[in-house]
Amino acid sequence: MRTAIFTGSFDPFTIGHADIVSRALAVFDHVVIGIGYNPHKTDHADMQKRLQAIERLYAADERVTVEAYTDMAADLAARHNAVAVVKGVRSVQDYEYERTQAEFNRLLGGGLETVLFFARPELAALSSSAVRTLQHFGRDVSAFLPAEE
């Protein structure tokens, strides 16, 4: 089984993130969504609440596992025997950041590869931070979040 990890803070998990998971499942047999603790970001929503919300989204799909982690992505990948890290890229800035992360993951993860999925044009401006800003100002963000079934 070919497993990939998809890591991020997912605060919140958007339709853009869901699109990356869907596209990754076309390439890999299993995707582990790793909700990481990033010491450079402020956790706006409780990690356990994010975990439960994403688990509900994928409860019917045994090809997806959701896990919170506090160590490095390479460690998460090793625990799941993952062959790759999956990331979404919206811009040149995202690409440069992910390229650097990919090099560290390759070094620390014994050759762990990173597979980049470029954001669909209609989702390229969407980010968790933009959704949080809209929420702060009381705007309806439901169009940017996956619908729970």
Matching residues in segment 100-123 - criterion: being out of contact with any Leu (no Cβ under 8 Å at 6 or more places or on another chain), farther than 19 Å from SER9 by Cβ and free of Cβ contacts under 8 Å to residues at least 40 places away in the same chain: GLU103, LEU107, LEU108, GLY109, GLY110, GLY111, LEU112, GLU113, PHE118, PRO121, GLU122
Of the residues in segment 103-116, how many are surrounded by 18 or more Cβ atoms within 10 Å (Cβ to Cβ), not in a helix (DSSP H, G or I) and not aliphatic (A, V, I, L, M)? 2
Only residues in segment 55-70 that are without any contact (Cβ under 8 Å) to a residue 40 or more places away in the chain and polar (S, T, N, Q) count as the first member; pair them with residues that are loosely packed, with under 13 Cβ neighbours inside 10 Å and not in a strand (DSSP E or B), Cβ under 6 angstrom, at least 6 apart or cross-chain, and list the lot. THR70/TYR37
Against the conditions (1) over 18 Å from ARG90 (Cβ atoms); (2) modelled with pLDDT of 95 or more; (3) surrounded by 13 or more Cβ atoms within 10 Å (Cβ to Cβ); (4) among the charged types (D, E, K, R), where does ASP19 fall short? Just the number, please. (1)
Of THR100, THR65, which residue is outside any loop (DSSP other than H, G, I, E, B), open to solvent by 40 Å² or more (accessible area, probe 1.4 Å), touching a strand residue (DSSP E or B) at 6+ places or on another chain (Cβ under 6 Å) and β-branched (Val, Ile, Thr)? THR65
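The values are calculated or read from the model by the stated rules, or taken from the named source; none is laboratory data. Remember, it's a predicted structure, so these values are computed and weren't measured experimentally. Glycine gets a Cβ as well: all are built from the backbone with ideal geometry, and neighbour counts include every protein chain shown. Surface accessibility is based on the protein's heavy atoms, side chains included, excluding ligands, DNA and RNA. Shrake-Rupley method; radii C 1.70, N 1.55, O 1.52, S 1.80 Å.
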